[in-house]
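Working notes, structure below.
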Amino acid sequence: QVQLVESGGGLVQPGGSLRLSCGASGFTSSGDVLRWYRQAPGKEREWVALITTDGSTNYADSVKGRATISRDNAENTVYLQMNSLEPEDTAVYYCNLNKWGNSYWGQGTQVTVSS
């Protein structure tokens, strides 16, 4: 059974940094594209970043230059390093896997950027 478990969220001041983690189980993630999304209160879920099997990355314009997605295939984990955080980054962050015709999501981790 596929499970994705996010962690690393919290309360951070504007300009601060966080590293989010998503641990995967039930499959070997090295052969899959992994994505981060986020959902702010009252807004639709939006895509943030992705990393391919060969380590290529892509980012939403809203986080480009401030976010870095990476993966550790040995640990079956994907990370999202967020720097220069802004109040607009406040959201629940989710990792996502599309596999076997299904879309899998974790429970999310809350990131709150506030002074």
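The values are calculated or read from the model by the stated rules, or taken from the named source; none is laboratory data. Keep in mind that this is a model prediction, so the values were computed, not measured. Using ideal geometry, Cβ is built from the backbone for each residue, glycine included, and neighbour counts are taken over all protein chains shown. Surface areas here come from the heavy atoms of the whole protein model, side chains and all, with no ligands, DNA or RNA. Shrake-Rupley method; radii C 1.70, N 1.55, O 1.52, S 1.80 Å.
Within segment 40-49, the set of residues being over 10 Å from the mean Cα position of the chain (by Cα) and open to solvent by less than 30 Å² (accessible area, probe 1.4 Å) comprises Ala40 only.
Conditions tested, residue by residue: (1) free of Cβ contacts under 8 Å to residues at least 24 places away in the same chain; (2) open to solvent by 20 Å² or more (accessible area, probe 1.4 Å); (3) basic (Lys, Arg); (4) over 18 Å from Gly108 (Cα atoms).
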{"site": "Leu11", "(1), (2), (3), (4)": "no, yes, no, no"}
{"site": "Arg19", "(1), (2), (3), (4)": "no, yes, yes, no"}
{"site": "Gly31", "(1), (2), (3), (4)": "yes, yes, no, yes"}
{"site": "Arg38", "(1), (2), (3), (4)": "no, no, yes, no"}
{"site": "Thr57", "(1), (2), (3), (4)": "yes, yes, no, yes"}
{"site": "Gln81", "(1), (2), (3), (4)": "no, yes, no, no"}
{"site": "Glu86", "(1), (2), (3), (4)": "no, yes, no, yes"}
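Once segment 59-79 is narrowed to residues that are polar (S, T, N, Q) and open to solvent by less than 40 Å² (accessible area, probe 1.4 Å), the residue that is modelled with the highest pLDDT is Thr77.
Just so you know, in segment 88-102 the residues that are part of a strand (DSSP E or B) and modelled with pLDDT under 95 include one that is least open to solvent (accessible area, probe 1.4 Å), and it is Leu97.
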